[in-house]
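A short write-up of the structure that comes next.
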Amino acid sequence: MYVSMKYILDDANKNNYGVIAANVINLELARGVINAAVEENAPIIINIGQGQMHKHASPDIMCDMIKTLAIKTHVPVALNLDHGSDFNRITDAFRNGFSSIMIDASQYPYDENVNITKKVVKLAHSQGVTVEAELGHVGQANTFDNKNKTLYTDPAEAVKFLKDTKADALAVAVGTAHGSYPKDLKPELNFNIISDIKKYTKIPLVLHGGSGSGSENIKNAVKCGINKINVCTDTFNSCRNFLKERLMENPEIDFLSLMIELENAAKETIRSYIKISGSCNKANNFSYYEY
Ligand code: 13P
């Protein structure tokens, strides 16, 4: 079923588990991710990055496709614009039926972040669309700027930010980063920040940069209050590696078989993340709903 992200995250928040939000840019990834959720009987969030949407995955086509796949399953599926920052692209996502958007104004000073986020929340809520915002800043793993603790989310500021903006979910900066970490490096997360923000705000919290962050980190982050774990790089890399290996093994492989196997590779990557998120069998918590 196709649902709002709030519907999924409220249950995850109430029952202390995490839901995987997987970036998807085409039919094979969409089917792989949704089938992973079906096999694990788990709620799932489909993320499409603003840049991904612009370059490759146009919102009209993607939204119709995700909705069509979602309504054929019993598991709750939400569609979220990931890292929205351009007002035109955000409204484009609304118009095409995304059930959620992330407004990322985390690169700006606090007051500017509040003003931009507030404006988007007002518009989104008037249309029943969930809003994720970010406070602190989750950087890039290749430069590993998240060693810079000044970018971490401040729990007291998070309380004020949520009061000021009324966002539904908050992405927090606690030591993860987007992309591939330098070889053999596992990020060190500040779990106290997650626990404090959860204690003071009680809202669904989001961990960006899930890829390569390690299963123990993810499990502990969920225990402390994370409810949405974003995973992109590991899915894209596992699909690329699969294609490379399969084509080297059999350069004349039938294209259709290759695409079906690719879908399976995406499915297995996301299944492994669903298993550590705590969301297996949590689809049972949801009753029929129509967004
Ligand atoms: P990774 O690519 O590091 O998994 O991060 C995904 C993400 O946070 C998308 O917003």
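Of note:
- When +1 charges are put on Lys and Arg Cβ atoms and -1 charges on Asp and Glu Cβ atoms, the dipole computed for the chain relative to its Cα centre reaches about 760 debye.
- Unit charges at the beta carbon, dipole of the chain: most positive-side option, THR130, MET62, MET259: THR130
- Estimated at 0.36 nm per residue, the fully extended path between ASN148 and ASN115 surpasses their Cα-Cα distance by 9.4 nm.
- Computed FRET value (nearest 0.05) for TYR200 with GLN140, which takes r as the C-beta separation and R₀ as 35 Å: 0.80
- Using the Cβ of ILE66 as centre and a radius below 14 Å, the other residues enclosed give a net charge of -1, where K and R count +1 and D and E count -1.
- For segment 170-282, the equivalent ellipsoid built from the Cα gyration tensor has semi-axes of 33, 15, 10 Å, listed from largest to smallest.
- When you filter the chymotrypsin sites (Phe, Trp or Tyr not before Pro) in segment 41-108 for DSSP loop state and at most 12 other Cβ atoms inside 10 Å of their Cβ, nothing is left.
- Estimated inter-spin distance, SER58 and ASN16, nm [label 7 Å along Cα→Cβ]: 4.7
- For the chain, the Cα-based Rg and Dmax, in that order, read 18.0, 59 Å.
- Loop-located GluC sites (Glu not before Pro) in segment 210-291 (DSSP state other than H, G, I, E, B) with a sparse environment of at most 10 neighbouring Cβ atoms within 10 Å: GLU252, GLU290.
- Here the extension length gained between LEU258 and ASN285 equals 6.2 nm, from 0.36 nm per residue of separation less the Cα-Cα distance.
- Using the Cβ of ALA283 as centre and a radius below 13 Å, the other residues enclosed give a net charge of -2, where K and R count +1 and D and E count -1.
- FRET efficiency estimate (nearest 0.05) - Cβ-Cβ, GLU216 to THR91, R0 35 angstrom: 0.30
- Axial C-alpha extent at least 30 Å, average Kyte-Doolittle at least 0.0 - helices from the chain (DSSP): 255-277
- Contour excess over end-to-end distance, with Cα ends at ILE71 and LYS166 and 0.36 nm allotted per residue: 31.3 nm
- Residues whose amide H comes within less than 5 Å of that of GLY139, counting only those at least five positions distant or on another chain, are ASN146, HIS178 (H built at 1.01 Å from N in the peptide plane).
- Where labels lie 7 Å past Cα in the beta-carbon direction, separation of GLU268 and GLU249 in nm: 0.8
- Segment 7-160: radius of gyration and largest Cα-Cα distance (Dmax), Å: 16.0, 45
- Pairs from the table (LYS67/LYS198; LYS67/LYS267; LYS199/LYS228; LYS122/LYS163; LYS6/LYS67; LYS163/LYS199) lying more than 21 angstrom apart at Cα are LYS67/LYS198.
- Among ASP82, ASP104, ASP92, the largest mean-square fluctuation in a Gaussian network model of the chain (Cα springs under 10 Å) belongs to ASP92.
- Sequence-distant contacts, meaning Cα pairs under 8 Å at least 6 residues apart, place the relative contact order of the chain at 25 percent.
- Residue order, fewest to most beta carbons within 10 Å, for LYS55, LYS160: LYS55, LYS160
Here, each number is a calculation from the coordinates, and none is a lab measurement. If you're wondering where the values come from, they're calculated on a predicted model, not measured in any experiment. When we count neighbours, we look across all protein chains shown, and the Cβ atoms used for this are built from the backbone with ideal geometry, even at glycine.
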